[in-house]
Amino acid sequence: MELTVAQLAKRLDAKLAGNTDGATRPITAVCPIEAASESEVTFIVDDKHKALLKKSRAGAVIVSARVEGLDKPQLIVKDVRSSLIEALSAFAPRLKAAPEGIDSTARVADSAKIASGVSIGAHVVVDDGVEIGSDTIIAAGCKIGENSKIGANCRIDSNVVIYHNCRLGGHVVVQANSTIGSTGFGYSFIDGAHKLIPHNGGVVIEDFVHIGANCCVDRAKFGDTIVGAGTKIDNLVQIAHNVVIGKCCLIAALSGLSGSCRLGDGVVLAGQVGLADNIEIGDGTMVGAQAGVMNSIPAGQKIAWTPAIKAKEAFRIVTLVMRLPKMAEQLKKLSKRTDRLEAAKDDKE
Amino acid sequence: MELTVAQLAKRLDAKLAGNTDGATRPITAVCPIEAASESEVTFIVDDKHKALLKKSRAGAVIVSARVEGLDKPQLIVKDVRSSLIEALSAFAPRLKAAPEGIDSTARVADSAKIASGVSIGAHVVVDDGVEIGSDTIIAAGCKIGENSKIGANCRIDSNVVIYHNCRLGGHVVVQANSTIGSTGFGYSFIDGAHKLIPHNGGVVIEDFVHIGANCCVDRAKFGDTIVGAGTKIDNLVQIAHNVVIGKCCLIAALSGLSGSCRLGDGVVLAGQVGLADNIEIGDGTMVGAQAGVMNSIPAGQKIAWTPAIKAKEAFRIVTLVMRLPKMAEQLKKLSKRTDRLEAAKDDKE
Amino acid sequence: MELTVAQLAKRLDAKLAGNTDGATRPITAVCPIEAASESEVTFIVDDKHKALLKKSRAGAVIVSARVEGLDKPQLIVKDVRSSLIEALSAFAPRLKAAPEGIDSTARVADSAKIASGVSIGAHVVVDDGVEIGSDTIIAAGCKIGENSKIGANCRIDSNVVIYHNCRLGGHVVVQANSTIGSTGFGYSFIDGAHKLIPHNGGVVIEDFVHIGANCCVDRAKFGDTIVGAGTKIDNLVQIAHNVVIGKCCLIAALSGLSGSCRLGDGVVLAGQVGLADNIEIGDGTMVGAQAGVMNSIPAGQKIAWTPAIKAKEAFRIVTLVMRLPKMAEQLKKLSKRTDRLEAAKDDKE
């Protein structure tokens, strides 16, 4: 893909400013400011990067306000982050569209209902009673279990396994090698053995959810494990049985949500976070990387550490922990001074 | 599936008590007490839930002893947890049985020995010398490597990869996308490069082991990596080469067992636990979530924290860590008081 | 495989010493010293194991220098670790070679370029524009996306998914169920929803890299996510978008590298390590298990803990944390002694 600076400006609905002699310059990609070449467009999302702009070789720059004294075409837009997504889409590598229809090597049950525009790849297995909505892509090697429903405009990448009785909304993306609807980790110890508690429930993945690669979402014992609309999940994340996640949450890689956790809307879990079972995290709460959350947390908090406490408090405590060698030293000195005071007192008496 | 309360009581070998007018009421599912409807049976495993019982709309309740003043049919059983499993089994969604025989798209080596009643799904690959015991289900997309043996009544879910020379006992379950028998992370740094140490050993998974989705069990360098009978492993767990796990252990999600760890029987690892290599965890020891265990731990302990120590001690220490701001304050005050005492002493002298 | 002690000595270019009467003894495996039988050869890499040697039943021993008073054939070699790899290779289980050519069930695009000696297994999908170098093995169930290039002598194990526009060098190993080139976790919050930032970049895996099972390497937003030559990655590791890893690093299981992290050469991450985004770890730095690294770290450090600090300092601080109960006690006593001193002073006045 190649666009002139002027064509790109039009596509981004941007005002072209600065040195507009470069308007006919061909642009082939978006690139961060340090590495951009003359055939690439760069962007500024904060003032930190502004300083680098004068040295940048980029062929043009996307900005939210005109930068003075810059000898380079500027594409002035309302929201740089939004235009960046548009520009990246413009220059995205062109890939072959997934072919409509069912690959001859796929095994699709007669009772499955496949809507129009669906692409079912090589070596896919679709079980009885499955429903797949229009324009959804089921990539090669996926397995869709009995009675599961997948909405329209979804993208289920290669080798994903979706067990029976799972329901995915529309515009859902599940990346390669993820597992949806596995049986959860629930056992009762009876007569000297761990007996599996049957998991009669299912999984509900609402609209616009993205699930990364190699993730696991366990089915519920009763009712459903639920991932709310617009929530985005990174790679290698574990969602245990009966977890209920609200809307528009972000869950980073290697995090684990134990059984029956409940997340409000807009909750953010950084990487490697662990949540104890049955706790509730309120709307908009942000949990720092590697935190271990043992108790329910109200809405709107920033928490960190193990056991997780308010991030500010955690920062203060960690600072003090780092000062422990000094505190131990102070304590020792103070003890000696007290020895001396006592000795002096005894001398007097 | 639908059973009347009376039919369910019979199936659970329960004594029907309370308001037995409801004995003909149709029940279609098991549900926790807060959410149960009239067509659902609920259960009480502890006194905490007893209080909720009077408000519950559940059509019947499974209890271990008659609850007085309750206007609802009661199914009195010996062990509620055990009857709960039975009830859940009764109401489990009916799924099509895996078809006996080898799917036409599967690739099974001539030298493989497949017992009667085995189901081999679509696009499975079974290599030379493999043996599969009776009534075992190998779901679609699995790969079973050369000379591996799988016992009877196992369930190997979709897209599981089992490398060569692995031995699984009977009644083993491996959930989707797990990997058994991968080469471990063992390298020697020789002539400026990490050289792989060949892993000539195998993997032994004993009877009744369950392995979750997207887990990894590495093969041994020498001998075998062993998972003992009745042990249950959650999702996304890493079992390194030459690990030996005892019987009836529970290992929760995202835990990592480093090379040559040895676990006794009945060991419990909560989520995201890490074990250093070559250590030994004694029978029945319980390790708290996110703990990092650096040294061997005797039997019967409860440990927590990183580095892991006795849970009680960890709790005490964490409490003190949280009190560090107060301790710092006390230390400061004490220092000032000592200043004053010294000044007073100096004045006297 | 069976070799006499003398044949093995020749293969290892070893000097045969000790009781050479055993030179004709048949050896069938390598085994650690505690477990070795008469038909097995053992080895000594450190003095700790030397003491065990006299009790060992091993049929022969690989050593770097003659051990006196040992009634057993000794194979004296220059470098035991190197000879151990050679000996293990000699006794490795003989597996069927992957058959050259394309399995009839594989789906390979006409435009793909497949070099000589390549093995493409059952149910593999190779998309348009893919190039695969000579003697590379693509095992059953793999999916190779559009325009991806895989070098010569690679081994891509079963059910691996490689997305489009990824480039793997020569001698690369990717173990089962790993995912290369998934879209990274990059969203902008716009108009009340998380909008995906398109990931136009790719993944570069250089020569001799090993990637374990069930790993994820995300593609870059711009440019490439890079894993440097000779780096070895354990199972269940997350490599986020735009991460750049140097040469000959070691990354243990369940570690997570956040977006745009940069690792120098020879960096070692132990298990369950987490790196914050955009930080840089200098050449040769070693990071302890479960550490959470929040800031860039210069070359040649040993760091540990969360937040990660120098390992020595971390050790000192952890020791003091463990002594907190004692410190609290000291503080209390000191406070009482100060009370008494003040009371005595007041009495005087």
Legend entry - Count of residues meeting criterion [over 14 Å from B:CYS31 (Cβ atoms) and more than 33 Å from the chain's Cα centre (by Cα)] in segment B:68-78: 5
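Can you tell me which residue is nearest to B:TRP305 (Cα to Cα) among those in segment C:297-313 that are within 11 Å of chain B (Cβ to nearest Cβ) and under 21 Å from the mean Cα position of the chain (by Cα)? Write out each step before concluding.
The initial filter retains those residues of segment C:297-313 that are within 11 Å of chain B (Cβ to nearest Cβ), namely C:304-306.
Next, only the ones that are under 21 Å from the mean Cα position of the chain (by Cα) stay: C:304-305.
Working: C:ALA304: 15, C:TRP305: 12 Å.
Here the answer is C:TRP305.
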Inset, instruction - Give the residues of segment A:160-204 that are facing chain B (nearest Cβ under 7 Å) and aromatic (Phe, Trp, Tyr), sorted by residue number. - result: A:PHE185, A:TYR187
Inset, instruction - Would you please name the residue that is nearest to the other protein chains (Cβ to nearest Cβ), looking only at residues in segment C:213-233 that are within 18 Å of B:PHE189 (Cβ to Cβ) and part of a loop (DSSP other than H, G, I, E, B)? - result: C:GLY230
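Take the conditions farther than 27 Å from A:ARG155 by Cβ, more than 10 Å from chain C (Cβ to nearest Cβ) and modelled with pLDDT of 95 or more and apply them to A:LYS10. Does it pass?
Answer is yes for this residue.
Against the condition of a type outside the set (Lys, Arg), over 16 Å from A:PHE91 (Cα atoms) and loosely packed, with under 15 Cβ neighbours inside 10 Å, how does A:THR28 come out, does it pass?
Details: of a type outside the set (Lys, Arg): yes; over 16 Å from A:PHE91 (Cα atoms): no; loosely packed, with under 15 Cβ neighbours inside 10 Å: yes.
In short, no.
Look at segment A:153-187 and say how many of its residues are touching an Asp or Glu at 6+ places or on another chain (Cβ under 6 Å) and either surrounded by fewer than 24 Cβ atoms within 10 Å (Cβ to Cβ) or not in a loop (DSSP other than H, G, I, E, B) (or both).
Taking segment A:153-187 first, the residues touching an Asp or Glu at 6+ places or on another chain (Cβ under 6 Å) are A:153, A:164, A:169-171, A:175-176, A:182, A:184-185.
Those still in the list that are either surrounded by fewer than 24 Cβ atoms within 10 Å (Cβ to Cβ) or not in a loop (DSSP other than H, G, I, E, B) (or both) too: A:153, A:164, A:169-171, A:182.
Going through segment A:153-187 one residue at a time, the tally reaches 6.
Looking at A:LEU95, A:LEU88, A:LEU3, A:LEU70, which one is of a type in the set (A, V, I, L, M), over 30 Å from C:TYR163 (Cα atoms) and surrounded by 13 or more Cβ atoms within 10 Å (Cβ to Cβ)?
A:LEU70
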Legend entry - segment A:314-339 - residue that is surrounded by fewer than 18 Cβ atoms within 10 Å (Cβ to Cβ) and more than 8 Å from every other protein chain (Cβ to nearest Cβ) and, of those, nearest to the chain's Cα centre (by Cα): A:PHE315
Inset, instruction - Could you check A:ASP46 against (1) within 14 Å of chain C (Cβ to nearest Cβ); (2) surrounded by fewer than 17 Cβ atoms within 10 Å (Cβ to Cβ); (3) touching a strand residue (DSSP E or B) at 6+ places or on another chain (Cβ under 9 Å); (4) acidic (Asp, Glu) and say which number it fails? - result: (3)
Inset, instruction - Look at B:THR231 and say whether it is more than 25 Å from A:ASN235 (Cβ to Cβ) and of a type in the set (Ser, Thr, Tyr). - result: yes
Legend entry - Lone unmet requirement of (1) surrounded by fewer than 17 Cβ atoms within 10 Å (Cβ to Cβ); (2) in a loop (DSSP other than H, G, I, E, B); (3) within 13 Å of chain B (Cβ to nearest Cβ) for C:GLY141: (1)
Inset, instruction - May I ask you to say which residue of B:ALA51, B:ALA109, B:ALA58, B:ALA98 is within 18 Å of B:ALA35 (Cα to Cα), within 14 Å of another protein chain (Cβ to nearest Cβ) and hydrophobic (A, V, I, L, M, F, W, C)? - result: B:ALA58
Inset, instruction - Mind listing whichever residues of segment B:287-344 are assigned to a strand (DSSP E or B) and of a type outside the set (Lys, Arg)? - result: B:VAL287, B:GLY292, B:VAL293, B:ILE297, B:ILE303, B:ALA304, B:ILE309
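Can you name the residue in segment A:234-262 that is of a type in the set (Gly, Ala, Ser) and either part of a loop (DSSP other than H, G, I, E, B) or more than 14 Å from chain C (Cβ to nearest Cβ) (or both) and, of all such residues, is surrounded by the most Cβ atoms within 10 Å (Cβ to Cβ)? Before the answer, list the steps.
First pass over segment A:234-262, keeping only residues of a type in the set (Gly, Ala, Ser): A:240, A:246, A:252-253, A:255-256, A:258-260.
Pick out the ones that are also either part of a loop (DSSP other than H, G, I, E, B) or more than 14 Å from chain C (Cβ to nearest Cβ) (or both) and you get A:240, A:246, A:252-253, A:255, A:258-260.
Working: A:ALA240: 26, A:GLY246: 22, A:ALA252: 28, A:ALA253: 31, A:SER255: 27, A:SER258: 26, A:GLY259: 21, A:SER260: 19.
So the residue we want is A:ALA253.
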Inset, instruction - Among the numbered conditions (1) surrounded by fewer than 20 Cβ atoms within 10 Å (Cβ to Cβ); (2) within 29 Å of A:GLN272 (Cα to Cα), tell me where B:ASP207 comes up short. - result: (2)
Inset, instruction - Could you tell me whether segment A:266-276 includes any residue that is at the interface with chain B (Cβ under 8 Å from one of its Cβ atoms) and more than 30 Å from B:ASP265 (Cα to Cα)? - result: no
Inset, instruction - Please give the number of the condition B:GLU86 fails out of (1) modelled with pLDDT under 95; (2) within 13 Å of chain A (Cβ to nearest Cβ). - result: (1)
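Do we have A:LYS247 as touching a strand residue (DSSP E or B) at 6+ places or on another chain (Cβ under 7 Å) and either closer than 29 Å to B:ASN177 by Cβ or of a type outside the set (Gly, Ala, Ser) (or both) here?
On the way: touching a strand residue (DSSP E or B) at 6+ places or on another chain (Cβ under 7 Å): no; either closer than 29 Å to B:ASN177 by Cβ or of a type outside the set (Gly, Ala, Ser) (or both): yes.
Spelling it out, it is not the case that A:LYS247 is touching a strand residue (DSSP E or B) at 6+ places or on another chain (Cβ under 7 Å) and either closer than 29 Å to B:ASN177 by Cβ or of a type outside the set (Gly, Ala, Ser) (or both).
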Inset, instruction - Being more than 10 Å from every other protein chain (Cβ to nearest Cβ) and surrounded by fewer than 24 Cβ atoms within 10 Å (Cβ to Cβ) is the filter here, so list the residues in segment A:286-296 that pass it. - result: A:MET286, A:ASN295, A:SER296
Inset, instruction - Considering every residue within segment A:188-204, establish whether at least one is over 30 Å from B:GLY266 (Cβ atoms), buried (at least 24 other Cβ atoms within 10 Å of the Cβ) and within 18 Å of the chain's Cα centre (by Cα). - result: no
Legend entry - Test: residue in segment C:126-134 that is within 12 Å of chain A (Cβ to nearest Cβ), over 30 Å from A:LEU250 (Cα atoms), over 25 Å from the mean Cα position of the chain (by Cα) and of a type in the set (S, T, N, Q): no
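I'm trying to understand the selection: among the residues of segment B:228-250, which are hydrophobic (A, V, I, L, M, F, W, C), touching a Ser or Thr at 6+ places or on another chain (Cβ under 7 Å) and closer than 20 Å to C:GLY256 by Cβ?
Initial filter on segment B:228-250 (hydrophobic (A, V, I, L, M, F, W, C)): B:229, B:233, B:236-237, B:239-240, B:243-245, B:248-250.
Filter again for touching a Ser or Thr at 6+ places or on another chain (Cβ under 7 Å), leaving B:237, B:239-240, B:243, B:245, B:248-249.
Residues satisfying the conditions are B:VAL237, B:ILE239, B:ALA240.
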Legend entry - Cβ-Cβ under 7 Å pairs, at least 6 apart or on other chains, segment C:149-175 side on the phi > 0 side of the Ramachandran plot, far side among the aromatic types (Phe, Trp, Tyr) and at pLDDT 95 or above: C:HIS171/C:PHE208
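The values are calculated or read from the model by the stated rules, or taken from the named source; none is laboratory data. These figures come from a predicted structure and were not determined experimentally. Don't worry about glycine lacking a Cβ; one is built from the backbone with ideal geometry, like all the others, and counts go over all protein chains shown.
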